[in-house]
Each structure stands twice: as structure tokens, then as C-alpha cells.
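The values are calculated or read from the model by the stated rules, or taken from the named source; none is laboratory data. Keep in mind it's a predicted model, so treat the numbers as computed, not measured. As a convention, Cβ positions derive from the backbone with ideal geometry for all residues, glycine included, and neighbour counts pool all protein chains shown. Note: areas computed on protein heavy atoms with side chains; ligands, DNA, RNA excluded. Shrake-Rupley method; radii C 1.70, N 1.55, O 1.52, S 1.80 Å.
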Amino acid sequence: MQLLETTKPLNFLAVGHQLAEEFAKTAAERDQLRCAEGDRNGDSRPIHEIEQLRQSGLLNLVIPTNYGGLGETSWVKIFELIREFAKADGSIGQLFGNHTTIVSSLSISNPTQVEQLYLDTVQHNWFWANAANALDPRLVATPTKHGWQFDGIKRFATGASLSNRMIVSALSADSRQLVIAAIPSDRPGIHFNKDWDNMGQRQTDSGSVTFEQVLVTPDEILTFIYPSDSPIATLLNVSKQLNQVNIYLGIIQGAFATAREYTTTRTRPWITSGVEQAIQDPYILHHYGEFWMDLEAATLLTDRAAQVLQAAIEKGINLTDQQRGEAAIAVYTAKAFVTKIGLAITTQMFDVMGASATAQSYGFDRYWRNLRTATLHDPVDYKIREVGNWALTGTMPTITPYS
């Protein structure tokens, strides 16, 4: 099979920044469309934005150059790009972040599958999503003469109806073992229920997916080069967690930038402040000082977690349980801190902007709604407990699909 060649752009972050600026222009408007309402094309999903990502070439960011991808391997830079999109629009940040981590995770499949999936992804510019909620056991895979049949429902899938390919997890009807497949999103029998009505992340094309007699061929069932319980295989769960952290951090950075612009151009000084401009108000300055210090600390913790994760990934099969655990602790520390300061900043931003900033036309509440919705992905209290148990007793985190 002939491999593809490509030229890596000098600065993919610059391409992403330019795209993010475009996404930011319509973020508030698209948020208010909600999931069930029509937009300029009669469809509230971010179809145009996904197409822009497709045309940019960034969907192939982590695919090695010998398969035609951009070959980026620095997770510090990759997460910086995810943050840039989330800063502009939390939903787009989540869609791109999920796609990127899914494509990266394909690399631990057997070499034949990796080669075919990566070549096809580049050739067809596929956008990936998943219906692989580990907490939902209702999707069942039944062996057939020619492969498998999937029946049931997954209650949560992000970007699924917009995607070209999905990672789907089901439980085998006979053994109750996990069966993971990479299948076309338009496979007959797959129904996207369009039932996402949550208050935040409205543009993530989330919701439940029903599978009715969906046929899956043997070659679509993913097999992996590492034992499923090995440190390097389970490190994938930690990578997914850090993806979420960077989405959160991007949303918070977007809130800070929005508040700063509004305060410097629109906020009026309070009647008893004794100053002529809001930017001279000592209380507003105090708030911004706290915002900045918290964001600096959150960014440093998140970038350090990416560096620790990068080092763990590079160990490959030689990664130890101890090293895997240390990467998890670094990620959970960042996740807990980012969640804490983010919920505070996205609420307190109105204290430095004033009452007029609550006008629905601005849609500034979307930062809190998006962050509050996204951070409930799994309870952060359990991450804090894991960190506390490690700090006090040296016990490494329990390995689960969420940790």
C-alpha cells in the first residue's frame, strides 16, 4: 500500500488562531440557536465550523507524516490549540479536542488497522466522534456469521451526527466483554436522536444514539498492541482527562478576555468610587489581579500536566505503574484547580463588567453555562480524593474508564 506524503505547516497554531477568530465572531449567536432550532441553513449544528476545520487540514494534526498527516507529537502544543478553539467557542473546542484524542488513540491499534484508518482519514478528511460511554451498558454486540450486530442505545455521544467515523463500544452478548469498533457514522440502523437540551455546550452535537441491527464487519473491530490493563493502554484515560482540562481552561480564558474587553470599553465607574474610569476602580483592579493569578497558576499546572503526560507516552510499553500514576496525579491536580477557579471567574466576571453585561444579546452567560456543563463530565470531588490519598499515603489512583 502506498503511503502519502505531506508538508508540515510552519505554524499550525497560527492557522488555528486565525480559525478561532472566525469561530468567535458567531459563537454567541450559534449558542442561542440551541440544538433543536434552525440557523441560516435550517440546521443548528456547527456544520460550517466543522467544514472550516476540515479545509484547514487540522483534522490530520496528529497523524504521522508518512500517512499524509501533519505529524505533530507535542501534546503541549496540541492542547494549546484545543484551548485556542475552546477560548473562542467551548463547543468547537470540545469537538476538535475529542476528534484529536480519538485519532491519536487509534495509534495503539494493530499496525494493519492503524495504517488503513490513518490513510483513509487523511484521504477523505474524516471527522471522528464516538459513542463509547463506559457507564452505559445498554449497547449489545451479538456475534453473527459475518461479524457482529449492534443493538441498543448510547445515551451520550459528542459530534456523532456530524462525524464520518465513530468509535463505538458495546458489551458482547455472550461474554459481556468490551467490544470496540470503528464504523461509518452513516451505517444503516444508526439513529441520532437529537435530544441534547442541556444548558451549556449547546453546539457539541451531543445526545443519544440508537443502534438497530447495525452490522459490523470483523475488520472494523479494533484490536490493540498493548494488554488492556497495561499502564500505557490505560494512560489513554488520563489523556482524555487532560483534553477535558484544556477545554475548561480555554473557556475560562475566553471569559477573561471578554470581560477585559468589556470592562475597558463599556463599564462605567460606580457613583461613590471617586474615579473617572472603571479601570481605575480599586475593587475592579483587585478582581482582575485575582483572575490573572488564578489563570496563571491554572495554565502552569495544565502545561506541566501535559509535559508529564508527554513523558509517560514516550515510555511506551516500558511505562511503569508508578509513572502512569504520577501522570494521573498531575492531570487530576490541574483538573480540580481549573474547575475551581473557572467556576469562580465565569461567575465573578459580571462583578467587573456591571449589570448591563447581563443583557441576553451579549450571551456572556454562555461561559459559565458551558463550563458548568462540561465540568460535570465526571465528579471532580473524586479526583480531589485521589490526589488527597496520594498526597497523604502515596497511593496511586484507581484505574477506571474515567481515571
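Would you be able to tell me the number of residues in the stretch 296-323 that are over 13 Å from Lys335 (Cα atoms) and part of a helix (DSSP H, G or I)?
16
Would you mind telling me which numbered condition in (1) of a type in the set (A, V, I, L, M); (2) assigned to a loop (DSSP other than H, G, I, E, B); (3) surrounded by fewer than 18 Cβ atoms within 10 Å (Cβ to Cβ) Val76 fails?
(2)
Hey, among Thr333, Thr264, which residue is hydroxyl-bearing (Ser, Thr, Tyr) and closer than 26 Å to Ala24 by Cα?
None of the others qualify; the one that does is Thr264.
Taking Glu261 as meeting all but one of (1) exposed (fewer than 13 other Cβ atoms within 10 Å of the Cβ); (2) at pLDDT below 95, write down the number of the exception.
It fails just one condition, (2).
Go through (1) touching a helix residue (DSSP H, G or I) at 6+ places or on another chain (Cβ under 9 Å); (2) open to solvent by 50 Å² or more (accessible area, probe 1.4 Å) and name the single condition Asn125 misses.
Failing condition for Asn125: (2).
Scan (1) free of Cβ contacts under 8 Å to residues at least 40 places away in the same chain; (2) over 23 Å from the mean Cα position of the chain (by Cα) for the single condition Ala330 breaks and write down its number.
(2)
Could you give every pair whose Cβ atoms fall below 7 Å, whose first residue belongs to the stretch 235-261 and is more than 15 Å from Ala334 (Cα to Cα), and whose second residue is β-branched (Val, Ile, Thr) and open to solvent by less than 30 Å² (accessible area, probe 1.4 Å), counting only separations of at least 6 or pairs across chains?
Cβ pairs passing all conditions: Ala255/Ile345; Ala255/Thr346; Phe256/Ile345; Ala259/Val352.
Give the number of residues within the stretch 128-144 that are open to solvent by 10 Å² or more (accessible area, probe 1.4 Å) and in contact (Cβ under 8 Å) with a residue 24 or more places away in the chain.
Total satisfying the criteria: 10.
Within the stretch 21-56, which residues are open to solvent by less than 40 Å² (accessible area, probe 1.4 Å), of a type in the set (D, E, K, R), at pLDDT 80 or above and more than 30 Å from Gly69 (Cα to Cα)?
Arg30, Asp31
For the stretch 364-386: of the residues being of a type in the set (D, E, K, R) and in a helix (DSSP H, G or I), which is surrounded by the most Cβ atoms within 10 Å (Cβ to Cβ)?
Checking each candidate, the answer is Arg366.
Quick check, is Tyr283 at pLDDT 95 or above, in a helix (DSSP H, G or I) and open to solvent by 80 Å² or more (accessible area, probe 1.4 Å)?
yes
Would you mention how many residues in the stretch 185-218 are touching a Ser or Thr at 6+ places or on another chain (Cβ under 9 Å), closer than 30 Å to Asn110 by Cβ and surrounded by fewer than 16 Cβ atoms within 10 Å (Cβ to Cβ)?
2
Collect the residues in the stretch 376-390 that are under 22 Å from the mean Cα position of the chain (by Cα) and without any contact (Cβ under 8 Å) to a residue 12 or more places away in the chain, keeping them in residue-number order.
Across the stretch 376-390, the qualifying residues are Leu376, Pro379, Asp381.
From Ser361, Ser356, which residue is in a loop (DSSP other than H, G, I, E, B) and on the phi < 0 side of the Ramachandran plot?
Ser361
Report whether or not Val352 is touching a residue at least 12 places away in the same chain (Cβ under 8 Å), under 30 Å from Pro231 (Cβ atoms) and either open to solvent by 10 Å² or more (accessible area, probe 1.4 Å) or not small (Gly, Ala, Ser) (or both).
No, not satisfied.
Suppose the filter is within 17 Å of the chain's Cα centre (by Cα), assigned to a strand (DSSP E or B) and either of a type in the set (D, E, K, R) or surrounded by fewer than 22 Cβ atoms within 10 Å (Cβ to Cβ) (or both); does Ile167 pass it?
yes
Scan Leu95, Leu70 and give me the residue that is aliphatic (A, V, I, L, M), in a helix (DSSP H, G or I) and touching a helix residue (DSSP H, G or I) at 6+ places or on another chain (Cβ under 9 Å).
Leu95
Given the criteria assigned to a loop (DSSP other than H, G, I, E, B), open to solvent by 20 Å² or more (accessible area, probe 1.4 Å), farther than 20 Å from Ile252 by Cβ and modelled with pLDDT of 95 or more, does Thr395 qualify?
Judged against the criteria, Thr395 is a match.
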